[in-house]
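Take a look at the structure set out below.
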Amino acid sequence: MRSRTDALDDGRGALRGLAAGVVGMGGVLDAVPAGPGEAVAALERLDERAAARLRRFVDVPDGSFAWTLTDAGLHLGRITGGYRYDADPEAAAADLVHVRPCDWLAAPVPDDEVPAAVHRTIERGGRNLQRIHPGDIETLTARVWESRSRGA
């Protein structure tokens, strides 16, 4: 949940997401959209690539896993609902306004339990919603989710 705005790429988006129980992306709009279609259309007028990212984010199935990084480590969450635009000034300040509800584990996942593909994806950098490969990542992540959520 890194901001694409260099001045805000300091981790505050991830911290906001964890605290608010959401996963999301940036792209502050002048007016609150009525729904995802209106949000995508508004972003298309500003930045077609941002609109494409939002479209992909909206289409991620409920139950999908999400990983994010803070100074404390890698956090694992699970998307639990549909898109909304967060008009809270704190969301805008963190550049995390296009959000979906997400259940985050209570603590970061220890590095030795994080699948290697997650580490490789994070190390590549990037500020986009990214699918993590290889294909067994969902199974490996589900195992981490099950073991960590039972212990919570």
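Give me the Kirkwood hydrodynamic radius of segment 1-78 in Å, from all C-alpha pairs, to one decimal place?
Every distinct Cα pair counted, the radius reaches 13.6 Å.
Just the Kirkwood number for the chain, please: inverse of mean 1/r across all distinct Cα pairs, in Å, one decimal. Numbers along the way, then the final one.
Working: mean 1/r = 0.0636 Å⁻¹.
With all distinct Cα pairs of the chain included, I get 15.7 Å.
Using the Cα centre of the chain as the reference point, and only Cβ charges (+1 on K/R, -1 on D/E), how large is the resulting charge dipole? Debye, rounded to the nearest 20. Provide the component values of the computation, followed by the final result.
On the way: 19 positive and 23 negative charges, 56 e Å.
Dipole of the chain, to the nearest 20 debye: 260 debye.
Helical runs assigned H by DSSP (4 residues or longer) give the chain a calculated mean residue ellipticity at 222 nm of -11500 deg cm²/dmol, each run adding -39500 (n - 2.57) before division by the residue total. What translational diffusion coefficient, to the nearest whole µm²/s, does segment 72-152 have by Stokes-Einstein, given a Kirkwood radius computed over alpha-carbon pairs, a temperature of 4 °C and 1.567 mPa s viscosity? The diffusion coefficient I find is 90 µm²/s. Estimated at 0.36 nm per residue, the fully extended path between D88 and E123 surpasses their Cα-Cα distance by 9.5 nm.
Taking 7 Å steps out from each Cα toward its Cβ at A106 and R150 produces label points 1.6 nm apart.
None of the figures in this text is laboratory data; all of them are computed from the coordinates on show. Quick caveat: nothing in here was measured; it's all calculated off a predicted structure. Because the Cβ atoms are built from the backbone with ideal geometry, glycine has one as well, and the counts that use them run over all protein chains shown.
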